[in-house]
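Student: Have a look at this one.
Laboratory data are not the source of any read-out in this text; all were calculated from the coordinates shown. What you are looking at is a predicted structure, and each value in this text was computed from that prediction instead of being measured. Every residue, glycine among them, receives a Cβ derived from its backbone with ideal geometry; neighbour counts consider all protein chains shown.
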Amino acid sequence: MQEPRSELVTLTTDRLVLRAPRESDIDAIFAACQDAEIQRWTVVPVPYRREDAEFFVRTLAPEGLATGAEYIWCVVERGTDRLVGTQAVVRKAGDPSAASVGWWTAKEQRGRGYTVEAARAVARWALTDLGLRRLQWLAYVGNEGSRAVAERVGYRSEGTLRSYADQRGIFHDAWIASLLPSDLD
């Protein structure tokens, strides 16, 4: 297992840069998280306030990194630094060699393949550089957009977990899929 880090590794793809959240991202994160679809399919607070974006950038991301429990990237377009979305790797409690992944994409950035591109970069980093043995993707049943991303990245479906995923105090059925180092192309 890797030690906690003081600085998040920056990942780059053909069109994107995945980097640590910055103060300059707060307004874009706040605006993106007003989207009803992000609120529907994720655990962001509802209503989403500017203070929530500030907490995400100033506290959640740096503390997760400092403890080695969570790695959170802002995904931005190369050249413009325009926010595309976020990606996260969250280590499983009690099993530091496995982690869950998650992402959201700003409404105006959907349909361009950005999330697949970013998720591939994160998976490769987590399964090689971080040395994880397993990544798992979970999404509430019905989140077809996230499911399509996971499938395109290569996650293999493992089924449906009934009344499993907590979202603001309500438990939902969730799809689960995994990606192992041997699944990487």
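Student: Step by step: first the residues of the stretch 62-85, then only those that are outside any helix (DSSP H, G or I) and among the acidic types (Asp, Glu), then the one that is nearest to GLY102 (Cα to Cα). Which residue is that?
Tutor: Result: GLU70.
Student: Name the pairs whose Cβ atoms lie under 7 Å apart, with the first residue in the stretch 64-77 and of a type in the set (S, T, N, Q), the second part of a loop (DSSP other than H, G, I, E, B), and 6 or more positions between them or separate chains?
Tutor: Cβ pairs passing all conditions: THR67/PRO4.
Student: I would also like to ask the following. Which members of the stretch 43-65 meet the condition of being β-branched (Val, Ile, Thr) and surrounded by 19 or more Cβ atoms within 10 Å (Cβ to Cβ)?
Tutor: Hits for the stretch 43-65 are VAL44, VAL57.
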